[in-house]
Amino acid sequence: MLRRTKDEQEVHEILNHPDNVEYVTVGNQDRIDLTNDIKNDKNIVLMDDFGLFFFHCIDDGIYECHPCFLKEGRGKHAFKSAKEAIEYMFLNTTCIEIYACSPKPYKHARLLASHSGLRHVDTLEKHFEKKGEKHDVDVFSINYKEWKEKCQQEQSQVEQH
């Protein structure tokens, strides 16, 4: 079960874990420090023992989601947690829209976004640089109305069985 946290140490333990650090750093960084972002009350971190979702507030009610999971939390656990995180954001915050940007080399991040109900809305060409190479970035999105409709469809399917 996800919990909201402001604990910088536990967030950085997940982000800078050897399984993850190459996926969360940009340019030539060897670690990431989100201390100021975590302290910012507009941003939200939801986490469990296997990973986290960092929701960066980019405008009132609009968040960019950055997921990060240890190897043992990837796959089914991450998919289940993503749905829980989206529900939390729409029901417990002022969130009306969530974006996720996934560089092309990070197949698992694109899969997580699409399996969580986000739709592909754009591709930013050569937008992400890592180790001297520029990569395209897929942009995914879901808004409150779309999420609510998906929930109603899922509920209807459950009731039919």
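Taken together, the values in this text are just the output of simple stated rules run on the coordinates, not laboratory data. In this text, all values refer to a predicted model and were calculated from it rather than measured experimentally. Virtual Cβ from ideal backbone geometry, glycine too; neighbours counted across all protein chains shown.
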Report, in degrees rounded to the nearest 10, the 0 to 90 angle that the Cα long axis of helix 76-92 makes with the longest principal axis of the chain.
-> 70
Label Arg4 and Asn40 with points 7 Å out from Cα along Cα→Cβ: what is the distance between them in nm?
-> 1.7
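Assuming 0.36 nm per residue, please report the length gained on full extension of the stretch His115 to Asp19 beyond their Cα-Cα distance. Provide the component values of the computation, followed by the final result.
Working: separation 96, 0.36 × 96 = 34.56 nm, distance 2.18 nm.
Residue separation times 0.36 nm, minus the Cα-Cα distance, leaves 32.4 nm.
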Those residues of segment 78-117 whose amide nitrogen sits under 18 Å from the label point placed on Val158, 7 Å along Cα→Cβ = 79-92, 116-117
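Suppose only helical runs count, i.e. DSSP H with n ≥ 4. What mean residue ellipticity at 222 nm does that imply for the chain under -39500 (n - 2.57) per run, divided by all residues and rounded to the nearest 500 deg cm²/dmol?
Working: 6 runs with 60 residues, N = 161.
Estimated from H runs of four or more residues: -11000 deg cm²/dmol.
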Helix 144-160: inclination vs the chain longest Cα principal axis, degrees, rounded to 10, gives 50
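Distance cut-off 27 Å, Cα to Cα: go down the list Lys83/Lys126; Lys39/Lys107; Lys39/Lys126; Lys71/Lys131 and report the pairs above it.
Working: Lys83/Lys126 29 Å; Lys39/Lys107 30 Å; Lys39/Lys126 31 Å; Lys71/Lys131 22 Å.
From the list (Lys83/Lys126; Lys39/Lys107; Lys39/Lys126; Lys71/Lys131), the Cα-Cα distance tops 27 Å for Lys83/Lys126; Lys39/Lys107; Lys39/Lys126.
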Around Phe69: net Lys/Arg minus Asp/Glu count, Cβ-Cβ under 12 Å = 0
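Between Lys76 and Ile96, what FRET efficiency follows from the Cβ-Cβ distance if R0 is 25 Å, with the result rounded to 0.05? Provide the component values of the computation, followed by the final result.
Details: r = 28 Å, r/R0 = 1.13.
Efficiency, rounded to the nearest 0.05: 0.30.
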For segment 3-160 (alpha-carbon point model, no solvent) the Debye-based log₁₀ I(q)/I(0) at q = 0.12 Å⁻¹ works out to -0.51
